[in-house]
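Heads up: the structure comes next, in structure tokens.
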């Protein structure tokens with residue numbers, strides 16, 4: 001299993017309203033040249049001090065241009081700050097250093113998703129899925145982009161695969177509920193949203209939207 005210091009970025013479908021959760025994946029390990037800056041940057045980021053984290057992580061990347069983890073963490077920090085172009089550049093640099101880094105492909109996909117560049121997002125998520133097809137989170141992210149692109153059959157296949165890999169992942173059921181709404185499969189949508197709420201989620205936006213959709217569906 002791949003080590004993750006922090007959870008990966010995930011996209012949350014609010015029925016064609018683009019929203020995205022925060023978080024990140026993991027990559028590599030600290031290198032001596034920028035180790036102090038890297039460890040301090042990680043500490044700041046975990047404490048929610050994003051500006052301080054960026055300053056330290058930028059110093060870490062300058063101290064060791066080849067540090068995959070420093071660039072990766074910097075991308076996460078920029079993403080949390082909302083500096084999406086800088087986040088994309090950081091993840092792209094990770095991929096220059098480590099082309100098969102699935103988490104970097106996935107997080108770059110989330111950045112593109114947030115920017116509304118759906119074709120680029122799909123491309124990155126597909127690369128990540130091909131590298132680690134057993135990762136339910138990546139398949140959920142890919143399905144989200146497919147839904148936003150109107151590719152509902154492909155989205156369904158990815159969500160079913162994600163459900164098979166991790167049937168207790170709440171956002172899989174949220175994604176299925178959203179998909180079923182778009183396909184006018186109301187009974188299935190109700191079941192999926194209820195399962196999502198039963199499993200619990202730490203995203204209040206998704207919870208609110210699921211409750212809203214259940215109210216609308218049950219009123220039909």
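The values are calculated or read from the model by the stated rules, or taken from the named source; none is laboratory data. Note that this is a predicted model, so its numbers are computed, not measured. Cβ: placed from backbone, ideal geometry, glycine included. Neighbour counts: every protein chain shown.
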Practice task
Please state which of the following conditions residue 73 fails to meet, knowing it meets all the rest: (1) within 16 Å of residue 35 (Cβ to Cβ); (2) without any contact (Cβ under 8 Å) to a residue 40 or more places away in the chain.
Solution key: (2)
Practice task
Answer yes or no as to whether residue 53 is surrounded by fewer than 20 Cβ atoms within 10 Å (Cβ to Cβ) and modelled with pLDDT under 95.
Solution key: no
Handout entry: Condition broken by residue 187, with the remaining ones in (1) modelled with pLDDT of 95 or more; (2) surrounded by 15 or more Cβ atoms within 10 Å (Cβ to Cβ); (3) not assigned by TED's automatic domain parsing to the domain that holds residue 104 satisfied
Key = (2)
Practice task
Please report, ordered by residue number, the helices (runs of 4 or more DSSP H) entirely within segment 165-220 with at least 1 residues that are farther than 30 Å from residue 132 by Cβ.
Solution key: 186-199, 204-218
Exercise for the section: Go through the residues of segment 143-160 one by one and say whether even a single one is out of contact with any helix residue (DSSP H, G or I) (no Cβ under 9 Å at 6 or more places or on another chain), touching a residue at least 60 places away in the same chain (Cβ under 8 Å) and either in a helix (DSSP H, G or I) or not assigned by TED's automatic domain parsing to the domain that holds residue 81 (or both). Expected result: no
Problem - Selected residue [over 24 Å from residue 172 (Cβ atoms), modelled with pLDDT of 95 or more and surrounded by fewer than 24 Cβ atoms within 10 Å (Cβ to Cβ)] from 81, 115, 93 - result: 93
Practice task
Take residue 140 and decide whether it is assigned to a helix (DSSP H, G or I), crowded, with 24+ Cβ neighbours inside 10 Å and within 14 Å of the chain's Cα centre (by Cα).
Solution key: yes
Problem - Restricting segment 101-127 to residues that are touching a residue at least 60 places away in the same chain (Cβ under 8 Å) and outside any helix (DSSP H, G or I), the residue that is nearest to residue 61 (Cα to Cα) - result: 101
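Residue-wise test of (1) in the same structural domain as residue 126 (by TED's automatic domain parsing); (2) under 23 Å from residue 127 (Cβ atoms); (3) in a helix (DSSP H, G or I).
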| position | (1), (2), (3) |
| --- | --- |
| 59 | yes, no, yes |
| 65 | yes, no, no |
| 69 | yes, yes, yes |
| 76 | yes, yes, yes |
| 93 | yes, yes, yes |
| 96 | yes, yes, yes |
| 99 | yes, yes, no |
